[in-house]
Structure formats: structure tokens, C-alpha cells
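Note sheet for the following structure.
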Amino acid sequence: MSNIEGARLFRETWIAGVNKHYPGVPKQSYVTPWDDTPDWEREAAGAVYEQVRHFLDLSGGSARRLTREQKGRFVATCWTAQMYKHFGDPKPGYVADWPDLPDWQKETDSDVFEAIEAAEL
């Protein structure tokens, strides 16, 4: 899968996860379609896709044995690094640690890892 396809997979999985797990009506920016997603966010999605793909590869596939929470934590950590890259001094909510993330975001991050994992089988 190309990086662009992987970035799209990330975004589409994110949107599906938000629609599934978010309590109530999500902010529009959480579900912005790919074609309207800002360039920085497309780049960040591609970077996280590549990090997950590479992690799976480097582990010889053993990363598939991680718990759902561990998978989500990995995505969240990779995304946090992208926030620092693209914003320098991001809002605290953009770089919150795993225990401080809302449950809907944890579930969505876990969905993202599992979607990338399934695509790479």
C-alpha cells in the first residue's frame, strides 16, 4: 500500500471510529472527508501509517500480539509526535498522554492500528 493510500486508510478509519465511538455529535474537524483534510493532517496521517506499518514489519509480525490498548497507545504516541512536528507548541489537548484521552479517542486509535494491521496482512 502506498503512503497516500495508507494515509487515506488512517483518515477513513479515524472518521469511522469517531462516528462509532464519539458520544453525541462530533466536531466537524473530527470527521472532515479526505478531500477537505488539511495538508499537514494528511502528512501526519501518512507518517503514522508508515510508523505502524514499519513497527509491524520490524517486529516480524509479533506486534499483532499486542493488546488492543497497546495498539491504541502506539498510534496515540505517534500522533502526538506529529503534533509537535507540525505545531511546535500545540494545545495541551493535542498532546495529551493516553490516560488523559477520552475513551472514544482511545477506541478510535486502536481501530486505526487494527485497520493498518489488517491491510498489511
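Name the residues in the range 71-94 that are over 13 Å from the mean Cα position of the chain (by Cα) and surrounded by 14 or more Cβ atoms within 10 Å (Cβ to Cβ), would you? Within the range 71-94, 86, 90 qualify. Checked against (1) in a helix (DSSP H, G or I); (2) of a type in the set (A, V, I, L, M); (3) more than 18 Å from residue 1 (Cβ to Cβ), residue 25 passes all but a single condition, namely (1). Among the residues of the range 1-23, those that are of a type outside the set (A, V, I, L, M, F, W, C) and modelled with pLDDT of 95 or more comprise 5, 6, 8, 11, 12, 13, 17, 19, 20, 21, 22, 23. Consider the range 75-97. How many of its residues are at positive phi and part of a helix (DSSP H, G or I)? The number of residues fulfilling the criteria is 0. For the range 83-104, residues that are within 16 Å of residue 41 (Cα to Cα) and either in contact (Cβ under 8 Å) with a residue 24 or more places away in the chain or touching a strand residue (DSSP E or B) at 6+ places or on another chain (Cβ under 9 Å) (or both) total 3. Could you go through the range 17-27 and let me know if any residue there is closer than 16 Å to residue 109 by Cβ, surrounded by fewer than 18 Cβ atoms within 10 Å (Cβ to Cβ), in contact (Cβ under 8 Å) with a residue 12 or more places away in the chain and of a type in the set (D, E, K, R). Yes, the conditions are met somewhere in the range 17-27.
From the list 60, 72, 6, the lone residue that is under 23 Å from residue 119 (Cα atoms) and assigned to a loop (DSSP other than H, G, I, E, B) is 60.
The values are calculated or read from the model by the stated rules, or taken from the named source; none is laboratory data. Note that the structure is predicted; figures quoted are calculated from it, not measured. Every residue, glycine as well, gets a Cβ built from its backbone with ideal geometry; the counts of neighbours run over all protein chains shown.
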